[in-house]
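Everything on this sheet refers to the single structure shown next.
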Amino acid sequence: MYAPSLLDPAAEELKLTDVIGHGATGVAREARTLLGDRFSSVTFMYVLMRAFEVEYMAARDASRWHEFHGGPYALSDADLEALLAPWLGSHRRPAVGSGTV
């Protein structure tokens, strides 16, 4: 297991990622890239929880996405999008001229 100080930079970078147009699959791929050699289902869960405040059970389930896990319980792209929508949707940037800050 890695110390949080080794994973937090990836979580901070992921938090700054523009998720519009990339969705959960884009976020998952970016997390894998940012984590590099440190990538595992546990480190992926950690950065999801830190970057987007994803609940533990949802982060655990997200780690079963088919590009990370090939077992019979692997999640499809659509499953991952639906699972993480409550968290990723709340971190999208407002549209230009929307009047929100």
### Query
(1) within 11 Å of the chain's Cα centre (by Cα); (2) over 16 Å from residue 12 (Cβ atoms); (3) open to solvent by 70 Å² or more (accessible area, probe 1.4 Å): which one isn't true of residue 50, the others all being true?
(2)
### Summary
Checked pairs for region 72-91, first closer than 16 Å to residue 17 by Cβ, second not in a helix (DSSP H, G or I), C-beta under 6 Å and 6 or more apart or across chains, list as 80/65; 87/54; 88/19
### Message
I'm checking my understanding of the structure. Among residues of region 17-46 that are in a loop (DSSP other than H, G, I, E, B) and among the β-branched types (Val, Ile, Thr), which one is least open to solvent (accessible area, probe 1.4 Å)?
### Response
19
## Note on the structure
Per the filter on region 52-66, residues in a helix (DSSP H, G or I) and of a type in the set (Lys, Arg) are 60
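The values are calculated or read from the model by the stated rules, or taken from the named source; none is laboratory data. Predicted model only: the values in this text are computed from it and were never measured. Every residue, glycine among them, receives a Cβ derived from its backbone with ideal geometry; neighbour counts consider all protein chains shown. Side chains included, ligands, DNA and RNA excluded: accessible areas come from the protein's heavy atoms. Shrake-Rupley method; radii C 1.70, N 1.55, O 1.52, S 1.80 Å.
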